[in-house]
Every structure is written in C-alpha cells, then in structure tokens.
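Read the structure below first, then the notes.
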Amino acid sequence: MKLPIEGGCQCEAVRYKITSEPVVVYACHCTTCQTQSGSAFGLAARFQIEHFELTRGELSSFHFPGTQTHSFTNSFCPYCGTRIRHVHSRFPNLVSLKPGTLDDTSWLTPTFHVYTRSAQPWMTIPSSVPSFETMPEDRSLFGGKQA
C-alpha cells in the first residue's frame, strides 16, 4: 500500500483520501452487515478520523441505533447511494471505511472475522485468521479506546 490511498463512490461525485495505514481491517458476518453490504459480510478498514479527508463532494448521513449501548453514523454519496464510511459511537476517533470504495483493494486482508455464527454456510474462513462467533471481549482489536 502506497500512501496516500484514495477512493470514492460509484458515480465519482464523492472522492476521499486516507493519509495513514489502517488501524485494522476486519470482516463482520452479522446480519446487519450482510443487509447493508448486500453480500455475505461487511468489510471494514478503520482509520484515525483525522486521516480521512473528502477531496470532492459531500456525504449524506443517517443515524442507525445499533443497540441500547451504541449507535452508528453512516455516510454515503447523496447521488448514487454508495456507502463510504461509518463512525461507531464507542469509537468516535475512528472512521470505518467501506474498503470496496478504495481505488486499489489489492492489499486488503482481514485481520480477523466477527459474528461468524451468522456467516453464510458456504463461507470458508481461513484457519490461520482469528474468528469469533460473536463480538470479541477485547475491543482493543478494533483499534481504539472506547468513549
């Protein structure tokens, strides 16, 4: 990966750059991520929020309540609807980028998988990669201190 890394939405109305390596890249197999991504899992690359910069366009956002203890602010292109990022209320200093929006995705490899109890039955997770049936107790795996 060569910094800065850049990406954007499908219609290219929104462009961004990232000026640091990710804190973590992980795959989430929860049913919410499956619905949001329209796929078998959601992939997230977390970065310190100060290293995320919009270089073109604006993002629209909506608030998703998650659970009683946390919520998400989800941001997307107002024209094509491509989800770009979300910010978790427990980790307000981090941005979870939807890494499929990166111009170069060749370097992406999940560090671990969560909510594998909801994984599609045909999904094979490499045995060399840590996986958790639910959310691991050690939240430091996600790259930050909880707020």
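What value, in deg cm²/dmol to 500, does the helix sum -39500 (n - 2.57) over DSSP H runs of n ≥ 4 give at 222 nm once divided by the residues of the chain? Here the helix-only value at 222 nm equals -1000 deg cm²/dmol. What you get for segment 1-56, charging only the Cβ of Lys and Arg (+1) and of Asp and Glu (-1), is a dipole of about 60 debye around the Cα centre. Residues Glu21, Glu12 ordered from highest to lowest accessible area at a 1.4 Å probe: Glu21, Glu12.
Summing Cβ point charges (Lys, Arg +1; Asp, Glu -1) relative to the Cα centre of the chain gives a dipole of roughly 180 debye.
Which translational diffusion coefficient, to the nearest whole µm²/s, is obtained for segment 1-42 from the Stokes-Einstein equation, given a Kirkwood hydrodynamic radius over C-alpha pairs, 10 °C and 1.306 mPa s? Translational diffusion coefficient: 129 µm²/s.
All C-alpha pair distances within segment 1-87, sorted into 5 Å bins from zero, spread as 3, 13, 20, 26, 23, 12, 3, 0 percent across the bins. Computed over protein heavy atoms with a 1.4 Å probe, the accessible surface of the chain works out to 55 Å² per residue.
Taking all protein chains as present, what is the carbon and sulfur share of the accessible area of segment 4-91, in % to the nearest whole number, probe 1.4 Å? Accessible surface attributable to carbon and sulfur in segment 4-91 totals 49 percent. Label-to-label distance for His63 and Glu6 is 3.5 nm, based on points extended 7 Å past Cα in the beta-carbon direction. Over the chain, the fraction of Cα-Cα pairs per 10 Å bin, rounded to whole percents and listed from the shortest bin up, is 11, 42, 37, 10, 0. Convex hull volume of the Cα atoms of segment 65-147, normalised per residue: 146 Å³.
The values are calculated or read from the model by the stated rules, or taken from the named source; none is laboratory data. Here the structure is a predicted model, which means the values were calculated and not measured. Don't worry about glycine lacking a Cβ; one is built from the backbone with ideal geometry, like all the others, and counts go over all protein chains shown. When the accessible area is computed, the model is the full protein with side chains, heavy atoms only, and any ligands, DNA or RNA have been set aside. Shrake-Rupley method; radii C 1.70, N 1.55, O 1.52, S 1.80 Å.
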